[in-house]
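Here, each number is a calculation from the coordinates, and none is a lab measurement. Keep in mind it's a predicted model, so treat the numbers as computed, not measured. Cβ sites come from the backbone with ideal geometry, for glycine too, and all protein chains shown count toward neighbours.
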Amino acid sequence: PRLPPPHPTMARPPGYLPLAAAPGQMAMVSASPGLALLSQVPALQVRERASWIQEVTTMLGAEIETRNRYAVLDTVGNQLFYAVERTDCCRRQLQRSCLHDCAGWEVDVLHTPPGQYMQRFLSVRRPMQMVCCCFCRPSAEVFDEALQTKIGSFHDPFRCCNYNFQLRDAADRDVLEVHGGCCQPAVCCPLPCGPCSELSFEVRDAETGAVVAHLQKQVPNCVTFFFASDVDNYNIQFEQVQDARWKALLLAFTIFMDFLFFNSANPRREIGR
């Protein structure tokens, strides 16, 4: 027999999308415009913007740290998001000091729909912490500004000779892990050409250990490398990661990793400090 139509009160409200709660699992979550867009893209390019004021003051020997900015593009070069640091001036200067690991910062990721005003999408907040070797390791939280909810967080655990990170959901359960080995030429000798131009990371399911995505850090062209050696580009291949929340978490994590390890003209290469 034919089933009766669903009751009107059971109809799916607008703005809801079926998204994977973790790779291979499904759940119903409210989707902001930014998350709805992320659910449709298989990959992202994150391009850091050079600050020529910062680079000129570096050449003069009195470097002034300016706000970090990133353009987030799809695979054909269309801008989808724009990330800008909103840390105050005093804390920005700490990023170049011996308190680099302790300095707090905030970054807003803005949704940039064509022909419309920018809309706040994500907020990445890294609090100031007294980091010392394996104690009180760096961490940051990610919030959906449209829904005013926490998406998740990431943590840099102490690991010897590796880039390893834990990505967690809003309840602080591990959902993804990022692994990057230290035996890559780009770790010790980053150059704009050959094998020294790319640093690769595997993204794994925290439960199964299966590789579900990839992330690459790329050194820009020779001109940018010469005048702004602290500027880097990143490619994120989402592959099996279908949940838009985890895509947003990987996007925010890319910025977190850039701040932590590569945000300097003379970047610190200590791995797993």
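Given a Förster distance of 22 angstrom, what is the FRET efficiency for E239 paired with N162, based on the Cβ-Cβ distance and rounded to 0.05? Please report the intermediate quantities before stating the final value.
Details: r = 21 Å, r/R0 = 0.98.
Efficiency for this residue pair is about 0.55.
Could you give me the ³J(HN,Hα) list for segment 72-89, computed from phi with Karplus coefficients 6.51, -1.76, 1.60 and θ = phi - 60°, whole Hz, x at Gly and Pro?
10, 10, 7, 6, 9, x, 7, 6, 9, 9, 9, 10, 9, 6, 10, 5, 5, 4
Label-point separation (nm) for Q79 and M118, each offset 7 Å from Cα along Cα-to-Cβ?
Placing both labels 7 Å along Cα→Cβ, they lie 0.8 nm apart.
How would you rank 251-260, 207-216, highest first, on the average number of other Cβ atoms within 10 Å across their residues? Each step should come with its number before you reach the end.
Numbers: 251-260: 23.9, 207-216: 15.9.
Per-residue Cβ counts within 10 Å, averaged per peptide and sorted highest first, yield 251-260, 207-216.
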